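Have a look at the structure below, then the notes.
The values are calculated or read from the model by the stated rules, or taken from the named source; none is laboratory data. Worth saying up front: this structure is predicted, and the values here are computed from it rather than measured. Here the Cβ is made from the backbone with ideal geometry for all residues, glycine too, and neighbour counts use every protein chain on show. With ligands, DNA and RNA removed, areas are computed over all heavy atoms of the protein, side chains included. Shrake-Rupley method; radii C 1.70, N 1.55, O 1.52, S 1.80 Å.
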Amino acid sequence: MRLFIAAVAGSLVLAGCATTQQQQKEPQIQRISAEELEKLMPQPAPFITYDELVRISKAGTSPDEIIVKIKESNSRYDLTPSKALELSRQGVSAKVLDYMYSSREQALRDGFAEELNKRERNKIVEQEKLRREYQWRYRDPYWGMGFGSYWGRGYYGPRWGWY
């Protein structure tokens, strides 16, 4: 009978020491406010003004040369449909207008991707910090990782009995 009770007690102790994997929580979507969105969006910086675009377009400069000038000056335009229509009526090529629009969209995508990457890096750093903190908190200074703080240090004697 004692052997049976000892076996049951031993299996209960071992079952109590068993660990399970932590369940993954569903990813939380972090929403950003309109102010944060405005900060993330690259602001238009036209170093070549709309008037200069019209002037060099009327001077007979090819659309490819105008696009090169826009790239070199690193100009960005917040091109609304009405502004695009107005520039088109004043003689700016559709190819130039398409480039102005697509470069703005690409800058927006790059800005969002950069912000997502930054948040992901911060999340990984925070998870690593929590993992190290968890390991340090549950580390037994005498026996190392995984044995808890009770084995052989005052609560249980060498014969599994109380002192």
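Descriptive notes on the structure:
- Residue check for Arg89: under 30 Å from Gly60 (Cβ atoms) and exposed (fewer than 11 other Cβ atoms within 10 Å of the Cβ): yes
- Selection within segment 23-65 - closer than 16 Å to Ser75 by Cα, modelled with pLDDT of 75 or more and open to solvent by 60 Å² or more (accessible area, probe 1.4 Å): Phe47, Asp51, Glu52, Asp64, Glu65
- Val125 being open to solvent by less than 60 Å² (accessible area, probe 1.4 Å), among the aliphatic types (A, V, I, L, M) and either over 30 Å from the mean Cα position of the chain (by Cα) or at pLDDT 90 or above (or both): no
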